Each structure stands twice: as C-alpha cells, then as structure tokens.
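Chemist: One structure is given below, represented as structure tokens, and several questions about it will come after.
The values are calculated or read from the model by the stated rules, or taken from the named source; none is laboratory data. Being a predicted model, the structure only gives us computed values, none of them experimental. Cβ placement follows ideal geometry from the backbone for every residue including glycine, while neighbour counts extend to all protein chains displayed.
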Amino acid sequence: MAQVAGLRFFFVRTLKRRFPPDSIPYPKYTHRVPSVLSPEEVAQFIDAASNLQARAILMTLYSTGVRRSELVRLRVDDIDSKRTVVHIRKGKGGKDRDVPLCPKLLETLREYWRWKKPQTWLFPRGIRPDGKSEHLTSKSAWYACAEAARHAGIKKRVTPHILRHSFATHLLESGADLPTIQLLLGHADLETTSVYLHLSRRHLETTVNPLQHLSISSASETNRLYHRTKEK
C-alpha cells in the first residue's frame, strides 16, 4: 500500500532506521463471492447484442473466459480453426495458453470476419498515423456488455469479468474439474479457481448436509409451548 511505502521511505531514507513492518496493523480484506449469470441469462444477453461485432465480442468473452485485456489483443491468426483452439498470448503473468474453440463461436467469428475482414487484430479500432492497425480498447468490451445487459433487461451489473466467472461456473456445473478450469482461466494457483465451488449449483445440490444423517425426532413431535414443561 502507498501508506506503508511512505512509512518505509521515512524510516529507511530519512531516519536511517530499520523499518518495523510487524508493528503496522493491516486491514482485513473481505472476500466476496463473485456474481454470475445463469445459462438462460447468458443466452438472452448475447441475443441482445447491438450488432455482429458486439455479438462476437460477447460470445468470445463467455466461450473462452478471457479477460477483457486479453480479448482486445486477440489476433486473427490466434483463431486456429484446424486445431479448434483460441491462442491467448501473454496473459496475466506473461504466459500463453490455449482454450477450446467452440463451433458456435467459430461460426459467428467467420460471419464477423466476412463482414469486417480484420487483418491483424481480431477486433480492430482503426489505423494509426504510422499506418499500423490499432485494437479496440478494453473499455469497448465493457461498453458492449453494459449495452447488451440494458437491452436484455438484465438488472445485474454485467461486465466482461462476470462473463468470465459465468464461464468457469458453468464449466464446473457441466463436470469439468478445477485443474482444467485453472488452466483455461490462466490462474497461477488452484486456490484462486476454487472460489467457483461456491458458485456451482451442481456441487451445492449434490452435497449432503450433515443434518440429514442425524437421528432426531420429527418436528411434528416437538412441543409447541415456548417454555419447557417441568418434569415431576
């Protein structure tokens, strides 16, 4: 944090003393379970795209689980139809990864390519003064999501990252294991991916509650009086 860095500079540079980090209390962070869309909401959301480019953006976000910064840097040759994979270059941590190319997404991207005919970037923005092509900004993906959600009448705040969460959660509900989802999302550790266990309805519904195994009396046999009667 900036405050801690300032204190470290004051102790080390100004006072020429050792910085005592153990004596500084750190605030507790609240870990919130991310929001997701249902499959029905995702379908409604995609159908509400304003045009073919927006539809291609939304389908790519949901079908691959890419971050919006990764989406806008996708190149035309990253779509490998022969191997049926999408190649993600220099994701978080500078690592490359491949994700499956869904046939429905490929069909949409082909239709989009026949319309826009992008040459370098899959989602180009325009040509710079030096003649080089520019890709869309990450805000463009955010706006595409916000506009589609508004037209679909979805009250939830839908962002590219919500589609990423929905992709991972729906994969888990379809039977994919956590290590596979970790690889597809480009997570550095499995702990980050495990949050989707809290979002999966399939895992929640198949987990047997420990109360179910207790041998207890029926609720119909329980006394309705507020105070326990005294035994004689």
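Chemist: Which condition number in (1) under 15 Å from the mean Cα position of the chain (by Cα); (2) within 15 Å of residue 37 (Cα to Cα); (3) without any contact (Cβ under 8 Å) to a residue 24 or more places away in the chain is the one that residue 182 fails?
Modeler: Here residue 182 meets the rest and fails (2).
Chemist: Restricting the search to the range 79-99, which residues are surrounded by fewer than 16 Cβ atoms within 10 Å (Cβ to Cβ) and in contact (Cβ under 8 Å) with a residue 40 or more places away in the chain?
Modeler: Those that are surrounded by fewer than 16 Cβ atoms within 10 Å (Cβ to Cβ) and in contact (Cβ under 8 Å) with a residue 40 or more places away in the chain: 92, 93, 95.
Chemist: Could you tell me whether any residue of the range 71-88 is within 19 Å of residue 139 (Cβ to Cβ) and assigned to a helix (DSSP H, G or I)?
Modeler: Among the residues of the range 71-88, at least one is within 19 Å of residue 139 (Cβ to Cβ) and assigned to a helix (DSSP H, G or I), which makes the answer yes.
Chemist: Among residues belonging to the range 150-198 that are touching a His at 6+ places or on another chain (Cβ under 9 Å) and modelled with pLDDT under 80, point out the one that is surrounded by the most Cβ atoms within 10 Å (Cβ to Cβ).
Modeler: Ranking the candidates gives 196 first.
Chemist: On the given criteria, is residue 66 surrounded by 13 or more Cβ atoms within 10 Å (Cβ to Cβ), farther than 16 Å from residue 141 by Cβ, of a type in the set (A, V, I, L, M) and at pLDDT below 95?
Modeler: no
Chemist: Can you work out which of the residues in the range 100-144 that are polar (S, T, N, Q) and within 15 Å of residue 68 (Cβ to Cβ) is surrounded by the most Cβ atoms within 10 Å (Cβ to Cβ)?
Modeler: So the residue we want is 140.
Chemist: Looking at the range 141-182, which of its residues are among the basic types (Lys, Arg) and closer than 16 Å to residue 57 by Cβ?
Modeler: 150, 164
Chemist: Being at pLDDT below 90 and either more than 24 Å from residue 139 (Cβ to Cβ) or part of a helix (DSSP H, G or I) (or both) is the requirement here; does residue 7 meet it?
Modeler: Here the answer is yes, as residue 7 does meet what is asked.
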